[in-house]
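Chemist: Pasting a structure below so you can have a look.
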Amino acid sequence: MPSKLKILFATSEVVPFIKTGGLADVSSALPQKLYELGHDVRLIVPKYGAIDERKFKIHEVVRLKDIKINIGEKEVIFSLRSSFLIGEKVRVQIYFLDNPEYFGSRHSLYADPLTGEDYPDNDERFILFSRAVFELITKLGWTPDVIHCNDWQCGLIPAYLKTMYKDDPQYASVKTLFTIHNITYQGIFPKESFAKTSLPQQLASEKGVFHNGKLNFLKSGLVFADMINTVSETYAKELCENKEFGAGLHEILSKRKKDIFGVVNGIDTSIWNPQLDKKIPKQYSLRNIDAKKDNKKALADNFNFQYDENIPVIGIISRLTEEKGMDLLEESFKQLMELDMHLVLLGTGDKKYNKFFTSMSTKYSNKFSCFIGFDDDLAHLIEAGSDMFLIPSKYEPCGLNQMYSLVYGTVPIVHKTGGLADTIIPYNEKNGSGNGFVFEKYTVSAMISEIKKAIKIFTNDKDTWRTLMKNGMKSDFSWLNSAKKYIEFYKKLTEKN
């Protein structure tokens with residue numbers, strides 16, 4: 001087994017080139033850390049219209065120019081262009097799939113920005129992306145040990161490897177890892193789309209890449225990948241053991257239980273670090289923890305409420321959807337407003353929640369402030385200026401805000417699920433251990449009970465509160481730990497027959 005692994009990281013988005021969500025952050029941070037640890041990592045991503053090729057010095061590679069493949073009856077010509085993902089200590093090779101029709105002419109990634117509807121040809125776009133992975137490997141003559149596939153957009157790659165390339169000696173030892181970042185989005189298309197894939201006909205069935213009579217890219221990844229992982233250990237268990245979490249794919253997940261693992265994402269400590277954060281009015285650390293109060297004052301000024309160091313501020317930064325626990329928040333809102341605290345919220349999502357929180361900020365203007373939308377500077381100020389941070393998610397594959405909160409000395413109050421369960425240790429009154437407050441049942445009474453417990457300690461026992469803050473600030477959520485776990489998975493894969 002090679003000590004230096006060759007890894008091709010296939011993803012549909014990567015920071016700083018293009019981003020819609022957390023996948024882009026992972027796709028940037030993890031390859032950089034793997035490279036730093038001495039492995040040969042390369043990335044492949046579509047070149048969307050929004051990617052600035054001059055800024056990122058994206059250039060042509062002669063032998064990767066004007067490649068022809070068929071998608072169904074249609075001949076498609078594309079090129080693979082090259083650049084680098086540049087970090088503090090690394091330059092990671094990245095290849096861009098360049099095709100004006102499917103990617104270059106569109107600034108948005110998956111959906112039409114005018115209608116909000118998914119592009120009708122997303123099947124063809126990501127069939128092309130999957131096929132391009134193999135064209136890249138073949139034409140470069142660079143054979144990875146592992147192709148690391150991410151989410152539904154890469155779901156067909158393991159199926160191609162196990163069928164169309166199974167007799168090609170170049171691919172004999174190549175393995176696939178398939179990472180689920182969000183199981184809700186599955187890449188579901190009409191069964192007619194199967195003809196465009198060029199996959200063997202026997203896969204056009206429920207045993208193959210069909211699910212409920214439709215082509216399902218994510219299912220393809222789950223069935224054909226050599227190993228599957230998701231972004232926390234608890235969420236991996238929940239997917240296999242709890243039907244509600246599997247988004248209709250529970251049976252397939254439980255069949256593959258022995259091949260499914262969890263690794264908690266890391267956070268970028270060069271961006272989220274109260275000691276270095278230029279987006280907050282006053283930087284602070286464990287050594288000058290009291291300086292956090294200056295950020296609390298700035299938060300009060302920003303939202304125009306009365307600053308009082310003895311009244312806790314609870315922060316929320318979230319997509320406003322039911323899966324993020326907004327139904328619980330709506331149901332409990334009157335009770336929350338009876339507590340001695342101030343609540344601040346930043347986020348946007350379902351229209352009904354946008355409307356609800358806007359009206360509540362008028363009704364309870366002395367207790368509740370909100371900003372409907374997203375603002376990165378404000379996100380940093382809320383993390384630094386709040387005393388507590390509430391995450392009532394119904395399910396949470398990993399979650400990053402609870403980790404940001406811990407390192408900012410902002411004590412999390414969370415529902416016990418997924419990555420929240422893996423990162424937040426309930427406060428133990430007997431020995432002072434723990435770093436937050438955890439409610440096990442997804443009910444209003446369970447949530448309110450933990451919030452009341454947190455407020456009581458904050459108000460009556462400053463020493464204990466300071467210990468809780470410090471416990472969080474000592475956390476290490478750097479990508480190094482997560483990257484080492486991924487390397488273990490890659491090595492396990494390369495040892496498989």
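The values are calculated or read from the model by the stated rules, or taken from the named source; none is laboratory data. This is a predicted model, so every value here is computed, not measured. Here the Cβ positions follow ideal geometry from the backbone for every residue, glycine too, while neighbour counts run over all protein chains shown.
Chemist: Among (1) surrounded by fewer than 21 Cβ atoms within 10 Å (Cβ to Cβ); (2) modelled with pLDDT under 95, there is one condition LEU239 misses while meeting the rest; what is its number?
Modeler: (1)
Chemist: Could you identify the single residue in ILE180, ILE147 that is closer than 30 Å to LYS351 by Cβ and touching a residue at least 40 places away in the same chain (Cβ under 8 Å)? Break it down into steps so the answer makes sense when it comes.
Modeler: Values: ILE147 fails: closer than 30 Å to LYS351 by Cβ.
Criteria check complete, one pass: ILE180.
Chemist: Still on this structure, please answer the following. What is the residue count in region 6-24 for residues that are in contact with a Leu (Cβ under 8 Å, 6 or more places away or on another chain), under 21 Å from ILE267 (Cα atoms) and either assigned to a strand (DSSP E or B) or of a type in the set (D, E, K, R) (or both)?
Modeler: 5
Chemist: Oh, and also: Exactly one of (1) of a type outside the set (Val, Ile, Thr); (2) assigned to a loop (DSSP other than H, G, I, E, B); (3) buried (at least 17 other Cβ atoms within 10 Å of the Cβ) is unmet by SER332. Its number?
Modeler: (2)
Chemist: Quick check: anything in region 462-481 within 30 Å of ILE7 (Cα to Cα), in contact (Cβ under 8 Å) with a residue 60 or more places away in the chain and touching a strand residue (DSSP E or B) at 6+ places or on another chain (Cβ under 9 Å)?
Modeler: First, pick out the residues of region 462-481 that are within 30 Å of ILE7 (Cα to Cα): 475-481.
Still in the running and in contact (Cβ under 8 Å) with a residue 60 or more places away in the chain: 475, 477-481.
Subsequent filtering for residues that are touching a strand residue (DSSP E or B) at 6+ places or on another chain (Cβ under 9 Å) retains none.
No, because not a single residue in region 462-481 is within 30 Å of ILE7 (Cα to Cα), in contact (Cβ under 8 Å) with a residue 60 or more places away in the chain and touching a strand residue (DSSP E or B) at 6+ places or on another chain (Cβ under 9 Å).
Chemist: Hey, another quick one. Among the residues of region 51-65, write down those that are assigned to a loop (DSSP other than H, G, I, E, B) and either of a type in the set (D, E, K, R) or within 21 Å of the chain's Cα centre (by Cα) (or both). Step through it out loud before you land on a result.
Modeler: Start the filter on region 51-65 by keeping residues that are assigned to a loop (DSSP other than H, G, I, E, B), which leaves 51-58, 60-61, 65.
Of everything in region 51-65, those that are assigned to a loop (DSSP other than H, G, I, E, B) and either of a type in the set (D, E, K, R) or within 21 Å of the chain's Cα centre (by Cα) (or both) turn out to be ILE51, ASP52, GLU53, ARG54, LYS55, LYS57, GLU60, LYS65.
Chemist: Across region 394-420, which residue is surrounded by the most Cβ atoms within 10 Å (Cβ to Cβ) among those that are in a helix (DSSP H, G or I) and either at positive phi or within 16 Å of the chain's Cα centre (by Cα) (or both)? Explain how you work it out, then say what you get.
Modeler: In the first step, residues of region 394-420 are kept if they are in a helix (DSSP H, G or I); the result is 401-407, 418-420.
Retained after the next criterion (residues that are either at positive phi or within 16 Å of the chain's Cα centre (by Cα) (or both)): 401-404, 418-420.
Numbers: ASN401: 25, GLN402: 26, MET403: 23, TYR404: 25, GLY418: 29, GLY419: 27, LEU420: 26.
The extreme case among them is GLY418.
Chemist: Has region 262-280 got any residue that is surrounded by 15 or more Cβ atoms within 10 Å (Cβ to Cβ) and in contact with a strand residue (DSSP E or B) (Cβ under 9 Å, 6 or more places away or on another chain)?
Modeler: Checked region 262-280: at least one residue is surrounded by 15 or more Cβ atoms within 10 Å (Cβ to Cβ) and in contact with a strand residue (DSSP E or B) (Cβ under 9 Å, 6 or more places away or on another chain).
Chemist: Further question: Of all the residues that make up region 308-326, how many are surrounded by 17 or more Cβ atoms within 10 Å (Cβ to Cβ), part of a helix (DSSP H, G or I) and out of contact with any Leu (no Cβ under 7 Å at 6 or more places or on another chain)?
Modeler: Result for region 308-326: 1.
Chemist: Does LYS292 fit the bill of being charged (D, E, K, R), closer than 18 Å to PHE371 by Cβ and surrounded by 17 or more Cβ atoms within 10 Å (Cβ to Cβ)? Reasoning before the result, please.
Modeler: Working: charged (D, E, K, R): yes; closer than 18 Å to PHE371 by Cβ: no; surrounded by 17 or more Cβ atoms within 10 Å (Cβ to Cβ): yes.
No: the conditions fail for LYS292.
Chemist: Among residues belonging to region 459-497 that are in a helix (DSSP H, G or I), exposed (fewer than 15 other Cβ atoms within 10 Å of the Cβ) and over 27 Å from the mean Cα position of the chain (by Cα), point out the one that is modelled with the lowest pLDDT.
Modeler: For region 459-497, the residue satisfying everything is GLU495.
Chemist: Right, next: Name the one entry in GLU117, GLU124 that is modelled with pLDDT under 95, touching a strand residue (DSSP E or B) at 6+ places or on another chain (Cβ under 8 Å) and under 22 Å from LEU215 (Cα atoms). Steps first, answer last, please.
Modeler: Details: GLU124 fails: modelled with pLDDT under 95.
Answer to the selection: GLU117.
Chemist: Report, ordered by the first and then the second residue, all pairs with beta carbons closer than 7 Å, sequence separation of six or more or different chains, a first member in region 185-204 that is β-branched (Val, Ile, Thr), and a second member that is assigned to a loop (DSSP other than H, G, I, E, B).
Modeler: What qualifies is THR197/LEU156.
Chemist: Looking at (1) surrounded by fewer than 16 Cβ atoms within 10 Å (Cβ to Cβ); (2) within 19 Å of THR11 (Cβ to Cβ), can you tell me which one LYS68 breaks?
Modeler: (2)
Chemist: Can you name the residue in region 441-458 that is part of a loop (DSSP other than H, G, I, E, B) and either out of contact with any Pro (no Cβ under 9 Å at 6 or more places or on another chain) or not assigned by TED's automatic domain parsing to the domain that holds ASP308 (or both) and, of all such residues, is surrounded by the most Cβ atoms within 10 Å (Cβ to Cβ)? Full working, then the answer.
Modeler: Taking region 441-458 and keeping what is part of a loop (DSSP other than H, G, I, E, B), we get 441-443.
Now drop any that are not either out of contact with any Pro (no Cβ under 9 Å at 6 or more places or on another chain) or not assigned by TED's automatic domain parsing to the domain that holds ASP308 (or both), which leaves 441, 443.
Details: LYS441: 11, THR443: 14.
Only one residue tops the list, namely THR443.
Chemist: What is the number of the single condition among (1) farther than 21 Å from SER478 by Cα; (2) surrounded by fewer than 24 Cβ atoms within 10 Å (Cβ to Cβ); (3) modelled with pLDDT of 95 or more; (4) not small (Gly, Ala, Ser) that ASP40 does not meet?
Modeler: Unmet for ASP40, out of (1) farther than 21 Å from SER478 by Cα; (2) surrounded by fewer than 24 Cβ atoms within 10 Å (Cβ to Cβ); (3) modelled with pLDDT of 95 or more; (4) not small (Gly, Ala, Ser): (1).
Chemist: Could you pull out the residue among GLY248, GLY208 that is of a type outside the set (Lys, Arg), touching a Leu at 6+ places or on another chain (Cβ under 9 Å), more than 20 Å from SER27 (Cβ to Cβ) and part of a loop (DSSP other than H, G, I, E, B)? Quick ask: steps written out before the conclusion?
Modeler: Working: GLY248 fails: touching a Leu at 6+ places or on another chain (Cβ under 9 Å).
The unique qualifying residue is GLY208.
Chemist: A follow-up question, please. Could you say which residue among PHE78, PHE84, PHE129 is buried (at least 21 other Cβ atoms within 10 Å of the Cβ), among the aromatic types (Phe, Trp, Tyr) and in a strand (DSSP E or B)? Don't jump to the end; show me each part of the working.
Modeler: On the way: PHE84 fails: buried (at least 21 other Cβ atoms within 10 Å of the Cβ); PHE129 fails: in a strand (DSSP E or B).
None of the others qualify; the one that does is PHE78.
Chemist: Only one residue in LEU253, LEU239, LEU218 is within 18 Å of THR11 (Cα to Cα) and in a helix (DSSP H, G or I), so which one is that?
Modeler: On the way: LEU253 fails: within 18 Å of THR11 (Cα to Cα); LEU239 fails: within 18 Å of THR11 (Cα to Cα).
Of the residues listed, the single one that is within 18 Å of THR11 (Cα to Cα) and in a helix (DSSP H, G or I) is LEU218.
Chemist: For region 194-203, check the following and say yes or no: at least one residue is basic (Lys, Arg), surrounded by fewer than 22 Cβ atoms within 10 Å (Cβ to Cβ) and not assigned by TED's automatic domain parsing to the domain that holds GLY399. Explain how you work it out, then say what you get.
Modeler: Quick first cut of region 194-203, residues basic (Lys, Arg) only: 196.
This time we only want the ones that are surrounded by fewer than 22 Cβ atoms within 10 Å (Cβ to Cβ), so: 196.
Then drop every residue that is not not assigned by TED's automatic domain parsing to the domain that holds GLY399, which leaves 196.
Taking every residue of region 194-203 in turn, at least one turns out to be basic (Lys, Arg), surrounded by fewer than 22 Cβ atoms within 10 Å (Cβ to Cβ) and not assigned by TED's automatic domain parsing to the domain that holds GLY399.
Chemist: On to the next question. On the basis of being outside the structural domain of GLU322 (by TED's automatic domain parsing), surrounded by fewer than 24 Cβ atoms within 10 Å (Cβ to Cβ) and among the basic types (Lys, Arg), does LYS162 make the cut?
Modeler: Values: outside the structural domain of GLU322 (by TED's automatic domain parsing): yes; surrounded by fewer than 24 Cβ atoms within 10 Å (Cβ to Cβ): yes; among the basic types (Lys, Arg): yes.
Taking the combined requirement at face value, the residue satisfies it.
Chemist: Any residue in region 384-393 that is assigned to a helix (DSSP H, G or I), at pLDDT 95 or above and surrounded by 19 or more Cβ atoms within 10 Å (Cβ to Cβ)? Steps first, please.
Modeler: The initial filter retains those residues of region 384-393 that are assigned to a helix (DSSP H, G or I), namely 384-385.
Next, from what is left, pick out any that are at pLDDT 95 or above: 384-385.
Keeping just the survivors that are surrounded by 19 or more Cβ atoms within 10 Å (Cβ to Cβ) gives 384-385.
The answer is yes; a qualifying residue exists.
Chemist: Looking at PHE224, PHE305, can you tell me which residue is more than 21 Å from the chain's Cα centre (by Cα) and surrounded by fewer than 22 Cβ atoms within 10 Å (Cβ to Cβ)?
Modeler: On the way: PHE224 fails: surrounded by fewer than 22 Cβ atoms within 10 Å (Cβ to Cβ).
Being more than 21 Å from the chain's Cα centre (by Cα) and surrounded by fewer than 22 Cβ atoms within 10 Å (Cβ to Cβ) holds for just one of PHE224, PHE305, which is PHE305.
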